[in-house]
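Below is one structure; the comments refer to it alone.
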Amino acid sequence: MLKLYTCILCPNGCEIRAEVGEDGQPAAIAGHRCPRGEAYVRQEICAPLRNIASSVLVEGGELPLCSVRLTSPIPKARIFDMMRLIHAARVPAPVELGQVLIPNALGLGCDVIATRNVGEG
Amino acid sequence: MTQTDKDVIIIGGGPAGLAAAVKLHELGVRDILILEREHALGGILRQCIHDGFGLTRFSQTLTGPEYAQRFIDAAAEQGIAYMLDTTVLRMSAAHAVTAASRKGLHRFNARAIILAMGCRERTRGALSIPGARPTGIYTAGVAQSYINLQNTMVGKNAVILGSGDIGMIMARRLTLEGARVSAVFELQPYPSGLPRNVEQCLYDYDIPLYLRHTVTNILGDARLQAVEVSEVGEDLRPLPGTQRLYPCDTLILSVGLIPENELALDAGVLLDAHTGGAVVDESYQTTVPGIFAAGNVLHVHDLVDFVSLEAERMAEAVKRYLAGEQAKPAIAVSAGRDVAYALPQHISGARDALLTFRPRRPLRDATLRVLQDGQAILTKRFPRMLPAQMEQALLPAAALKSHNPVEVVIGDA
Amino acid sequence: MPQAPERFDALIIGGGVIGCAVARELSRYRLRIGVLEKQPDICCETSARNSAVLHAGYNNEPGSRMAALCVAGNRGFDALAQELDIPYKRTGKLVVGFTEEDREALAAMKQAGTRSGVPGLELVSKAFIREKAPYVGGEFALWSGSTAILNPFRLVFALAENASVNGVQFFFNSEVTGISQAEGLYHVQTAAGAYAARWVINCAGLFSDAIAAMLGLRDYAVYPCRGEYFVLDKRIGHLLPLPVYPVPNYKTGGLGIHLTPTMEGNILVGPSTEYIGARGDYAATRRVMDTLLQEGARIFPHLQKEYFIRNFAGIRPKLTPQGVGGYHDFVMERRGNAIHLIGIESPGLTAAVPIAHEVIRLLQEAEPLREKPAFNPRSKRFCTFADKPAQEQAELIRQNPDYGEIICRCETITKAEVLAAMRGPLGASTITGVKYRCRAMMGRCQGGYCQTRIARLLQQEKGIPCDQLLYGRAGSNLFTGSVREP
């Protein structure tokens, strides 16, 4: 079966065509401008991964929120579980860019890290 | 009122202003001052907390605040001077800049001025969307600021008009924060944002994108209750009888960005009707000598990486200007068939010029041609071109045949 | 035990320009006065949604109250504006004509105006139009020298603030739900509490007929007639130095789609005349928007969509139904101790203070009023920054550093002005309230830059929780809550 993908790894957004066999494995992949595109589609076929960005509540900060992201993508199906975790988290100011706010989140091997500095308010 | 002389005044401490400052410093220009109206450097990136920045500039994917911090750190390391909470009120063709801050009114006389003010969002008023005037209608950037910087949630049930990148990113952001986003409507027959955002911001969350649709009525008294959406025809006008009601408490508008050039107009800088930014040469110099522009104030970019790169190229030109280089007699560059706009609008012919352009419509197997004296002096192929995606091509000075105008055209297969 | 209702000598129903003018003029006397307003602020309906023109009085029937009070309002405005610090400008006005029929109509208007005592009316040639307003169409015109433009918001807020300084109490979110009479008092029930008063003054504008009916006066019906406007970017403001009107077709109920410069340099295009069902329906329609563009361009060929920054609508409380159009005279009636002001449409803004004087006259018919020696007729607006020369701007910042913080980029409105708009007994507590008082968010980006800052300042300054912050009217909550509950 022919499947179409838009690669999300870079702004080029390559349109990639993949022939997926009956076993669910990709037989042929075409249309990508770089090897990352092919890897993306292989991953997408078996277990799609996404990174998410959101905010964590800061206590006593110059700003109410600190923006965060994951250090590595997680299974798409776990996005909202991760959001619940992020939603419940609180961090005292000051926060430093790169600071791990939630280590090994959901046991998925990725950390939730601050993407900005928030000084004390 | 204080009076200060500066080699370079940079208006705006967002990605364009920061990149220009850091580059100028690297090139040995030290008497620089950034004027920033906000309480922090970083510009709009401060609220763009999503990732996807930096792949071109840093070969790494970063969020907006992280991307900005790289330049803020670099500027700090170099000791580049900046003033925060400082708003430029006036600017003259003679390079006098007047700014206000809590410390007073400041007057700067600069040898060169860099315009890096970014852009603003097109509003409901500019579009003249008919209907009631309830609250709950936000431009995407305003909603983004409320949610990401101010910790305030703008609504629970949203509809998005316009498939600009910020609109799609806000569709995902609202969904992640528990709001329902019923649909994104786009007037054009193609998305105005990047394909990857259609994929990862809309399709990932089962948010439908309706092309050739627009909002034709707004309902609600105090707070928004519903929008009426209609299909549009070839002429982009609503087709009678196609109306559908979408109940919602929030309408997010992502219907275009406008370079913020009121200060430039003050100084007599000529603007391009298509880009809304200044008319420039390959040095990013405007029609007023010594006033330069880069980033979203020059033309709206889809990616911050290109803003930084553009500002860095401009910084090199500013350095040459300070060293005494004069603008040469110009060769006009015009946007021809299927080209929405092309920058720069004129070139000296003395050095290679990086042409930046967008197609008017989506094209496959397209060929860019630069024509002069009836001949193609540059040809470049593109497997796909999208209005959402800015493209570039280097026009070598050696390719120019004469001082006659050149035209940029696109042909598809 | 229910608490006894708070007692007043006079309760004014409605906090528009009429209610505020009555409140201010009555505050000259030894009376306990309250103003009941259903919205969270004064100046929320028709008073905030009009052409912002100080009319001369030639559009109204000679001998009518409308004509007499309009002429009086125009004549007295210089003194009023000085007392209350109201920005205005005697620009004069042109009513331009194209046809012989127009020429006759203009001559008739001049004649009517002269009979009503309107000064400075003149039939003028195309050359005169070109000299006064070079970018305007028209073959000939009626010139009205006494017509002015003004800041209508400041007029209402100045009247209210001055009334407040002189002891008038304002009650917001206080929609009147019923009025009964007992023991020589009116008992007024509102959404926020009950009040009692010896006098009730009905200044309820669009709802003046409904308030009258609560008091047993059922002779009048208000027919809401909507007028839509466009606001144009200041960038072309210099092309229109004064208001330019077409020859009116009074039958429609309005003065025709005209162009008016605002005090701050924008241009208003409008209003349409459309009788509507609902009194609060401020919606704009595509059809009317197209008409505005088309008809506006007839007298101002530079009119183009690219200059639109906003549209809005106002609703005239007319006493003449659709098909009849024209103007019914202002109704000003005393029934017992209730005074009814009904159908106060255009030129109500111009005539507001003379209307208030009429109210005092009606009151004095029933009882003597004693003047209050401590009455202070003056009100001073906070100092504005944008219109000052550089040296003065520098001095303002030196005295108050908040003047150095620009909140609204497009209109150069400083934090000092935004805070001033929020402070004081009648300070704004909504986004619209801030906008109307200091002009922030009225520029071309329509709050794209400053609305988020103003929302934050309002929450800090007024202690409003984010889920209760209103844009304007009741129910217009800006936020559904916090993203992360602190």
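The values are calculated or read from the model by the stated rules, or taken from the named source; none is laboratory data. Just so we're clear, the structure is a prediction, and the values are computed from it rather than from any experiment. Please note: Cβ atoms are built from the backbone with ideal geometry, for glycine as well, and neighbour counts cover all protein chains shown.
Details
Yes or no, residue by residue, for (1) under 29 Å from B:L265 (Cβ atoms); (2) surrounded by fewer than 21 Cβ atoms within 10 Å (Cβ to Cβ):
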residue: B:G54; (1), (2): no, yes
residue: B:Q60; (1), (2): no, yes
residue: B:T63; (1), (2): no, no
residue: B:A76; (1), (2): no, yes
residue: B:I80; (1), (2): yes, no
residue: B:M83; (1), (2): yes, yes
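- Filtered residues of segment C:258-303 (kept if in contact (Cβ under 8 Å) with a residue 12 or more places away in the chain and polar (S, T, N, Q)): C:T260, C:T262, C:N266, C:S272, C:T273, C:T285, C:T291
- Among all residues of segment B:91-99, there is none that is surrounded by 23 or more Cβ atoms within 10 Å (Cβ to Cβ) and out of contact with any strand residue (DSSP E or B) (no Cβ under 8 Å at 6 or more places or on another chain).
- Of all residues in segment C:161-181, those satisfying the criterion of being over 13 Å from C:G193 (Cβ atoms), touching a residue at least 40 places away in the same chain (Cβ under 8 Å) and surrounded by 18 or more Cβ atoms within 10 Å (Cβ to Cβ) are C:E161, C:N162, C:A163, C:S164, C:V165, C:N166, C:V168, C:F170.
- In the set (1) buried (at least 20 other Cβ atoms within 10 Å of the Cβ); (2) more than 11 Å from every other protein chain (Cβ to nearest Cβ); (3) of a type outside the set (V, I, T); (4) not in a helix (DSSP H, G or I), B:A264 fails one condition alone, (4).
- Taken together, B:I207, B:I258, B:I252 contain a single residue that is surrounded by fewer than 23 Cβ atoms within 10 Å (Cβ to Cβ), modelled with pLDDT of 95 or more and either farther than 30 Å from A:A77 by Cβ or within 14 Å of chain C (Cβ to nearest Cβ) (or both), which is B:I258.
- Selected residue [small (G, A, S), without any contact (Cβ under 8 Å) to a residue 60 or more places away in the chain and out of contact with any Gly (no Cβ under 6 Å at 6 or more places or on another chain)] from B:A327, B:A315: B:A327
- When B:L187 is tested against (1) of a type outside the set (K, R); (2) surrounded by fewer than 23 Cβ atoms within 10 Å (Cβ to Cβ); (3) facing another protein chain (nearest Cβ under 8 Å), only condition (3) is not met.
- Residue match in segment C:310-324 (condition: at negative phi, more than 19 Å from the chain's Cα centre (by Cα), in contact (Cβ under 8 Å) with a residue 24 or more places away in the chain and within 13 Å of another protein chain (Cβ to nearest Cβ)): no
- The residue that is surrounded by the most Cβ atoms within 10 Å (Cβ to Cβ), counting only those in segment B:151-166 that are touching a helix residue (DSSP H, G or I) at 6+ places or on another chain (Cβ under 6 Å) and facing chain C (nearest Cβ under 7 Å), is B:V154.
- Here segment B:85-99 is the region considered, the condition is being within 8 Å of chain C (Cβ to nearest Cβ) and under 20 Å from B:I32 (Cβ atoms), and the residue that is nearest to the chain's Cα centre (by Cα) is B:T87.
- Selection within segment A:37-87: residues that are of a type in the set (G, A, S) and assigned to a strand (DSSP E or B). The member of this set that is farthest from the other protein chains (Cβ to nearest Cβ) is A:G61.
- Out of C:N400, C:N477, sole residue that is touching a helix residue (DSSP H, G or I) at 6+ places or on another chain (Cβ under 9 Å), at the interface with chain B (Cβ under 9 Å from one of its Cβ atoms), surrounded by fewer than 23 Cβ atoms within 10 Å (Cβ to Cβ) and not charged (D, E, K, R): C:N477
- Within segment B:356-386, considering residues that are surrounded by fewer than 19 Cβ atoms within 10 Å (Cβ to Cβ) and not in a strand (DSSP E or B), the one modelled with the lowest pLDDT: B:G374
- Number of positions in segment B:68-84 that are part of a helix (DSSP H, G or I), of a type outside the set (A, V, I, L, M, F, W, C) and over 19 Å from B:H39 (Cβ atoms): 3
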